[in-house]
Amino acid sequence: MNIIKSTLTLFVIFILPGCQSKLEQSKEIETNLIQINKTLETLLDAIERKDINALKSAMSPSEKMEFIVPSTPVTYSVESFVNFHDEWFKDTTWTIETNILNVKPGLTIATATTEAIYREAERNGRPYMNHMIVSYVLEKNQDNTWSIIKDHASSLKRTGE
């Protein structure tokens, strides 16, 4: 009987707290996933609507932002990212459709993969389409919100060039 009590005591002292910690982490990751998706939706909707202020709201308050797109130098600041998009948004001849494909949440860092289909009615006399995959890294802020800190776009298929 003493062995059972000792084993039960050890379980309560050492094992159960570890289980609770994993349960708490699981709940935190579930909450993070909701917040991460909200941040991604804000960003993607801002791009589709060409809304620079909404785009800025998804950016890191720490000013960290790595931006990688084909045929453009890599940049490392929110300011550069916003300036790029501000210029791009001034052109009203394009549309883009986006879709979240995959999100991997963590406790403080998350990754996401999205699809984007960019279209111009005419480029060099023909319709233009660029089917892209865009990967994002997000970071949890001190206030428990999430921000985009990396955007890496790559083209899968282009037409009309």
Study note, to complete from the structure: Condition set surrounded by fewer than 13 Cβ atoms within 10 Å (Cβ to Cβ) and free of Cβ contacts under 8 Å to residues at least 40 places away in the same chain, scope the range 39-61, selection farthest from Glu97 (Cα to Cα): answer is Asn53
Study note, to complete from the structure: Turns out the strands (runs of 3 or more DSSP E) fully within the range 60-114 with at least 1 residues that are touching a helix residue (DSSP H, G or I) at 6+ places or on another chain (Cβ under 7 Å) and over 15 Å from Ile149 (Cβ atoms) are 94-104
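Can you say whether Ala58 is modelled with pLDDT of 95 or more, in contact with a Leu (Cβ under 6 Å, 6 or more places away or on another chain) and over 25 Å from Lys157 (Cβ atoms), as far as the supplied structure shows? Spell out the reasoning first.
Working: modelled with pLDDT of 95 or more: yes; in contact with a Leu (Cβ under 6 Å, 6 or more places away or on another chain): yes; over 25 Å from Lys157 (Cβ atoms): yes.
Yes; evaluated as a whole, the condition is true for this residue.
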Study note, to complete from the structure: Within the range 103-134, the residues that are farther than 30 Å from Asn32 by Cα and charged (D, E, K, R) are Arg119, Glu120, Glu122, Arg123, Arg126
Exercise for review: Assess whether Thr111 counts as being touching a Pro at 6+ places or on another chain (Cβ under 9 Å), exposed (fewer than 14 other Cβ atoms within 10 Å of the Cβ), among the β-branched types (Val, Ile, Thr) and free of Cβ contacts under 8 Å to residues at least 60 places away in the same chain.
Suggested key: no
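Against the condition modelled with pLDDT of 95 or more and part of a helix (DSSP H, G or I), how does Lys27 come out, does it pass? Don't jump to the end; show me each part of the working.
Numbers: modelled with pLDDT of 95 or more: no; part of a helix (DSSP H, G or I): yes.
So Lys27 fails the test.
Hey, among Ile133, Ile149, Ile117, which residue is without any contact (Cβ under 8 Å) to a residue 40 or more places away in the chain and either part of a loop (DSSP other than H, G, I, E, B) or within 14 Å of the chain's Cα centre (by Cα) (or both)? It would help to see each step written out before you state the result.
On the way: Ile149 fails: without any contact (Cβ under 8 Å) to a residue 40 or more places away in the chain; Ile117 fails: either part of a loop (DSSP other than H, G, I, E, B) or within 14 Å of the chain's Cα centre (by Cα) (or both).
Only one candidate passes the filter, namely Ile133.
Answer yes or no as to whether Lys157 is in a strand (DSSP E or B), under 18 Å from Met65 (Cα atoms) and basic (Lys, Arg). Before you say what the answer is, go through the steps one by one.
On the way: in a strand (DSSP E or B): yes; under 18 Å from Met65 (Cα atoms): no; basic (Lys, Arg): yes.
The answer is no for Lys157.
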Check your understanding: So which pairs qualify, if the first residue must be in the range 77-94 and touching a residue at least 60 places away in the same chain (Cβ under 8 Å), the second must be hydroxyl-bearing (Ser, Thr, Tyr), the Cβ gap must be under 8 Å, and the two must be at least 6 apart or on different chains?
Key -> Phe81/Thr75
Check your understanding: Take the residues of the range 111-161 that are touching a Leu at 6+ places or on another chain (Cβ under 8 Å) and not hydrophobic (A, V, I, L, M, F, W, C): which is nearest to Val74 (Cα to Cα)?
Key -> Tyr136
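The values are calculated or read from the model by the stated rules, or taken from the named source; none is laboratory data. Since the model is a prediction, treat every value here as computed from it, not as a measurement. Reconstructed Cβ throughout: ideal geometry from the backbone, glycine too, with neighbour counts over all protein chains shown.
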